[in-house]
Amino acid sequence: MTIDQKTIEKLRKEPDLPDLDLSWLNPKDTPGITVKVGKRGLTLDEINIGVYGEVPDLAQHGTTRVRGSTPRSGVVRTAYFVPEKSDIWADNATLIYEEAVQRQWSSATDIPWETVQPLPDDVEEAICQICTFLTEVEFIAGDAPGQWLKQISPDHYEVALYLVSQVMDEARHLDVFRKRALVNGCGLLEAQGATRGLRNILDAKDFTEMSALMHVLAEGFVQTMFRTGEFIAQNEAEKTIFRLCAQDESRHVGFGVMHLRYVLEHAPERREEIHHYLDRAEQLFGHPTDGGGTSALQEALMITMGGGKAHIDKGAELAMALTKKQANEYMHRLEVAGLGERRYRMNPAFGLLLDPPKN
Amino acid sequence: MATFPSVEWFEAVITVANEDGRLRKLGTCDAVMGVKVLDKAFEITFEAFDCIGVREIPSEKLAETDFYLEMPFETWQGMLENIKERGGTPDRQYTLNTIDFLDPEGFAKSDDQSKKDAFYRYGQTFQQFFNASSEIETVFAAPQPV
Ligand SMILES: [Fe+2]
Ligand SMILES: [Fe+2]
């Protein structure tokens, strides 16, 4: 609803009122808006209509002015934002954000902790080693998107909301794995340190580089591992932890795939540049001393998946199946994003594990 | 008593899954899930907070779902019997994720990895959906080839 000029003039001249500016009441050029609450409640997609839904390709101001509001002169700048929409955008950002809000869970009350019972020492220790590693990794998974938050323009607020939701998800992952390590008496075991591949994500100088490395490569691998985690779980609590974490990771991967697709469609000249980031990341990620292959993690996975030290052969077979699945799902996601030719230049540590292309 | 697989069996599970808000508590889920058992195919639709319906479809239409679950009839029976025996909390080898991991072809199928990711994004919802089958009486009858 807008107020007509006659009413504003009348208000200005009202004898009992102090001198009022009221310029903010001026009718805007923009029309009003009619929103409808949908089946999922009032979601961002329901208010992102008309001018409010027009996302500029270029964010041209460094202030806190929110998209759709009327500009005011003399406003101080607050940041240097990434200006290009194609550098940060994903078409599913609002959907993923709303879904994240709807599908939050609590590590305190949604995990049936009472089902964690004493386990054989080797299995308990292996699970605690995996949890130690994951607690560290989740720190980086939260820090990396957090570094980019202040560079997202209010014109592209959907991406900022998504990133905040991811930071919250990673905080919960960090806390749930820490809790699992501590709940059954064993505690945290050997710290692995931020490995080269993970450090590479934190060092990314470009949002798309960060997203391809973290969302598509690293979190894709982690998502596949969490689904397997349900298989190594010894009780309902662990099954629930891995299942809920896998859901969250799938959103992060989903954002990354759609961002990469958006970049390739809107800035096709960046294709080779993106390959360059992945060349380096795959090399570091597949390095024997890195997160994908730390010996403590690999050994712990083999013990839990095999069901104890005595069955480590079976565990090794399953761990290999996991790596193969990780590599293939990574490749499929790159295909969805439009980077199918990656198959022919992927680090052989993963490339040799790929199934032949379907067509 | 409902026969698996049939529209009536899925409708009975949908009724249980939607009651007492167990799916709603998990948050929104927007996905079309296919189920293939021998020659029979079903399409189960999840929208917003509920599972809103099921219909039998020709197998060729499975490609139009976000993903579809396919495994031998005996494996379906084994999974559902385990869910029943364990009161809705299946042993680890009978969870959807585990079955998917152990099947080299994958239990959840789709030509589009990003659509297939719906299976993982809403994994807990689908697991709860099948867990709800522990609250109905099921008889198993392998569909005959047509
Ligand atoms: Fe995480
Ligand atoms: Fe994540």
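The values are calculated or read from the model by the stated rules, or taken from the named source; none is laboratory data. This is a predicted model, so every value here is computed, not measured. Please note: Cβ atoms are built from the backbone with ideal geometry, for glycine as well, and neighbour counts cover all protein chains shown. Side chains are part of the model used for accessible areas, which takes the heavy atoms of the whole protein and leaves out ligands, DNA and RNA. Shrake-Rupley method; radii C 1.70, N 1.55, O 1.52, S 1.80 Å.
Here are some residues: A:237, A:349, A:233, A:327. Which one is of a type in the set (A, V, I, L, M, F, W, C), within 14 Å of chain B (Cβ to nearest Cβ) and more than 30 Å from residue A:182 (Cβ to Cβ)?
Result of the check over A:237, A:349, A:233, A:327: A:327.
For the condition of a type in the set (D, E, K, R) and under 23 Å from residue A:123 (Cβ atoms), what is the one hit in A:196, A:178?
That would be A:178, the only listed residue that is of a type in the set (D, E, K, R) and under 23 Å from residue A:123 (Cβ atoms).
Just to check your reading of the model, which residue among A:280, A:199 is open to solvent by 20 Å² or more (accessible area, probe 1.4 Å), farther than 16 Å from residue A:138 by Cβ, among the basic types (Lys, Arg) and more than 15 Å from ligand 2 (Cβ to nearest atom)?
From the options A:280, A:199, the qualifying one is A:280.
Scanning region A:146-180 for residues that are polar (S, T, N, Q) and part of a helix (DSSP H, G or I), which turns out surrounded by the most Cβ atoms within 10 Å (Cβ to Cβ)?
Taking the candidates together, the pick is A:166.
Which is part of a helix (DSSP H, G or I), touching a residue at least 12 places away in the same chain (Cβ under 8 Å), in contact with a helix residue (DSSP H, G or I) (Cβ under 8 Å, 6 or more places away or on another chain) and among the hydrophobic types (A, V, I, L, M, F, W, C), of A:318, A:354?
That would be A:318, the only listed residue that is part of a helix (DSSP H, G or I), touching a residue at least 12 places away in the same chain (Cβ under 8 Å), in contact with a helix residue (DSSP H, G or I) (Cβ under 8 Å, 6 or more places away or on another chain) and among the hydrophobic types (A, V, I, L, M, F, W, C).
Residues being within 13 Å of ligand 1 (Cβ to nearest atom), of a type in the set (Asp, Glu) and either in contact with a Pro (Cβ under 7 Å, 6 or more places away or on another chain) or closer than 27 Å to residue A:78 by Cα (or both): count how many of those fall in region A:118-168.
Matching residues across region A:118-168 total 1.
Please go through region B:101-146 and give me each residue that is small (Gly, Ala, Ser), away from chain A (no Cβ under 11 Å) and in contact with a Leu (Cβ under 8 Å, 6 or more places away or on another chain), ordered by number.
Within region B:101-146, B:133, B:142 meet the criteria.
Hey, among A:173, A:156, A:252, which residue is within 14 Å of chain B (Cβ to nearest Cβ) and not hydroxyl-bearing (Ser, Thr, Tyr)?
The match here is A:252.
Just for region B:85-104: of the residues that are among the hydroxyl-bearing types (Ser, Thr, Tyr) and closer than 14 Å to residue B:75 by Cα, which one is surrounded by the most Cβ atoms within 10 Å (Cβ to Cβ)?
Residue satisfying both the conditions and the ranking: B:95.
Would you pick out the residues in region A:103-145 that are open to solvent by 50 Å² or more (accessible area, probe 1.4 Å), more than 14 Å from every other protein chain (Cβ to nearest Cβ) and either under 24 Å from residue B:27 (Cβ atoms) or touching an Asp or Glu at 6+ places or on another chain (Cβ under 9 Å) (or both)?
A:108, A:118, A:139, A:143
Of the residues in region B:32-56, how many are more than 14 Å from chain A (Cβ to nearest Cβ), in contact with a strand residue (DSSP E or B) (Cβ under 8 Å, 6 or more places away or on another chain) and open to solvent by 60 Å² or more (accessible area, probe 1.4 Å)?
3
Sort out which residues of region A:325-359 are more than 16 Å from residue A:257 (Cβ to Cβ) and of a type in the set (Ser, Thr, Tyr), and write them in order of number.
A:344 - this is the single residue of region A:325-359 that is more than 16 Å from residue A:257 (Cβ to Cβ) and of a type in the set (Ser, Thr, Tyr).
Can residue B:49 be described as aromatic (Phe, Trp, Tyr) and over 15 Å from the mean Cα position of the chain (by Cα)?
Spelling it out, residue B:49 is indeed aromatic (Phe, Trp, Tyr) and over 15 Å from the mean Cα position of the chain (by Cα).
Which is at pLDDT 80 or above, surrounded by 12 or more Cβ atoms within 10 Å (Cβ to Cβ) and in contact with an Asp or Glu (Cβ under 8 Å, 6 or more places away or on another chain), of A:37, A:75, A:82, A:55?
Result: A:55 is the single residue among A:37, A:75, A:82, A:55 that is at pLDDT 80 or above, surrounded by 12 or more Cβ atoms within 10 Å (Cβ to Cβ) and in contact with an Asp or Glu (Cβ under 8 Å, 6 or more places away or on another chain).
Can you find even one residue in region A:230-237 that is open to solvent by less than 10 Å² (accessible area, probe 1.4 Å), more than 14 Å from ligand 2 (Cβ to nearest atom) and free of Cβ contacts under 8 Å to residues at least 12 places away in the same chain?
Yes - at least one qualifying residue is present in region A:230-237.
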